[in-house]
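Notes to accompany the following structure.
The values are calculated or read from the model by the stated rules, or taken from the named source; none is laboratory data. None of these values were measured; they are calculated from a predicted model. For neighbour counting, all protein chains shown are included, and Cβ atoms are generated from backbone atoms with ideal geometry for every residue, glycine included. To get the accessible areas, we keep the full protein, side chains included, count just its heavy atoms, and leave off ligands, DNA and RNA. Shrake-Rupley method; radii C 1.70, N 1.55, O 1.52, S 1.80 Å.
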Amino acid sequence: MMERARSTNAVLDALLQAAYALHPAEIDLSLGRLERLLSRLGNPHEKMPPVFHVAGTNGKGSTVAFLRACLEASGRRVHVYTSPHLIRFNERIRIAGKIVEDEALAELLREILKRNAGQPITFFELTTALAFLAFAREPADACVIEVGLGGRMDATNVIARPLVTGIAQLGLDHQQWLGDTILDIAREKAGIAKKGVPMVIARYPKAITARIGEVAGVAGALLRIRGDDWDAAVYEGALHYRDTAGRVALPLPRLAGAHQYDNAALAVAMLRAQTLLPMPDGALRAGMGWAEWPARLQRLDAGALLARLPAGSELWIDGGHNPAAARAIADHFRTASAGVGAIADRPFYLVLGMLSVKDAAGFVKPFTGRATAIYAVPIEGHASHAPEDLARIAREAGLPGQASADVASALAEIARSADRARPPIVLVAGSLYLAGAALAANGQNAG
């Protein structure tokens, strides 16, 4: 079970717990319960500003960040719905650019709970209705909505007529709900396709593209395939994008990691696939630098956790939790782009915590030969791999591995063994929940 959202606001916390009590399971994929509640609320999902709907295994949150940044750079007011949160539940809902305040959130929750009248509904379904109600009431130019899990049966898929849909990178994750193969997962993600609506997709192997194409074709969506209808490449220090409407050269994204080039390009393709909200090239350029997305290759500049390491050390946070994400993260730290000095010249430690349902061996494998050692930690409040088991998995992969009580303890152990002449680079990864806890422990927020 996932850790329940809590709040330091006593009233809001009580309402959040009341919302959880309405269904025994965190995940029970269905649209009927939410459609019933939305009907009682006057169908606010049909009255929201135009929607950019984003699915994917990895990168969908970053794509949302680029969409929001570009839209806001063009002067638009933007509502955003994402999940999960890192520190506070409020992070999931941005109303016209601002994270919802406790008082407004509590008022919305009271109304939603009253209208639901005690009927069974999952927490995510209920809070999706809450976000849609808030978005329908506050004027804005666009909504950017991130799929929670999968696509076809995700609560956000009650949106019948989005402006444009997009699918970011795909990988094996959540197989217990989405299917055991990558083709099963592709089919589920493609379930957000809608008749007459552009669906922009990333570059995948041919079999995956074909499976998405089948689903999009049945739905009557207007498929936009990378490599055929649009493309992007990095050269001469810029991201060069092209589609049937023309070409544009953009600054490289500020978000770290070469995989962010693909996420940025997908966002640009989605923005240019629609005509209702014309997008100046200048706004696209600005969005590359404006986009922020916490716990995605985020380097911490100061704070209580960083202070535990020797001067000159680097502390990074990433919420990646599946093998595909691990490959992208490891590729980043394989190069000198991690900071002053390459991994080859400085020790690189991975502080790892993962939910018990995740593929720990698959996550560790890309770091073989690149990490100096792995320090395994639990994830408080979650069913997670035991640190001793993670440490064993690391050793089986050929990496030194040891168990630690928590992130702070792992950093202290790394500091004790560090060579002051070669300050280490440390990455905390394996779970968004661990990433959120690390950010909180470092004394910062995720807004």
Identity of the residue in the stretch 148-190, at pLDDT below 90 and in contact with an Asp or Glu (Cβ under 6 Å, 6 or more places away or on another chain), that ends up surrounded by the most Cβ atoms within 10 Å (Cβ to Cβ): G151
Restricting the stretch 186-231 to residues that are acidic (D, E) and under 25 Å from the mean Cα position of the chain (by Cα), the residue that is farthest from G148 (Cα to Cα): D231
Residues that are more than 18 Å from W290 (Cα to Cα) and either modelled with pLDDT under 95 or open to solvent by 30 Å² or more (accessible area, probe 1.4 Å) (or both), drawn from the stretch 244-264: T244, A245, R247
Any chance L297 is of a type in the set (A, V, I, L, M, F, W, C) and at pLDDT 95 or above: no
Long-range neighbours under 7 Å by Cβ, at least six apart or interchain, first residue farther than 15 Å from V158 by Cβ within the stretch 23-35, second at pLDDT 85 or above and open to solvent by 30 Å² or more (accessible area, probe 1.4 Å): H23/P120
Sole exception among (1) closer than 27 Å to Q444 by Cβ; (2) open to solvent by less than 30 Å² (accessible area, probe 1.4 Å); (3) part of a helix (DSSP H, G or I) for A129, by number: (1)
Candidate set: the stretch 278-313, residues that are farther than 30 Å from R420 by Cα and out of contact with any helix residue (DSSP H, G or I) (no Cβ under 7 Å at 6 or more places or on another chain); chosen: the one surrounded by the most Cβ atoms within 10 Å (Cβ to Cβ): R285
Residue identified as at pLDDT below 90, more than 30 Å from D180 (Cα to Cα) and among the small types (G, A, S) among A342, A304, A373: A342
Qualifying residue in the stretch 265-275 (condition: under 23 Å from P84 (Cα atoms), assigned to a loop (DSSP other than H, G, I, E, B) and open to solvent by less than 60 Å² (accessible area, probe 1.4 Å)): no
Matching entry among A283, A307, A267, A245 (being in contact (Cβ under 8 Å) with a residue 12 or more places away in the chain, among the small types (G, A, S) and over 18 Å from A233 (Cα atoms)): A283
Selection count where residues are closer than 13 Å to S313 by Cβ and of a type in the set (A, V, I, L, M, F, W, C), scope the stretch 412-435: 9
Where V200 falls short, out of the listed (1) in a strand (DSSP E or B); (2) farther than 19 Å from Q274 by Cβ: (2)
Which numbered condition I208 fails, given (1) in a strand (DSSP E or B); (2) within 22 Å of A193 (Cβ to Cβ): (1)
Residues within the stretch 81-96 that are more than 14 Å from L16 (Cβ to Cβ) and modelled with pLDDT of 95 or more, tallied: 5
Evaluation of V64 against (1) out of contact with any strand residue (DSSP E or B) (no Cβ under 6 Å at 6 or more places or on another chain); (2) in contact (Cβ under 8 Å) with a residue 40 or more places away in the chain; (3) among the hydrophobic types (A, V, I, L, M, F, W, C) (one fails), failing number: (1)
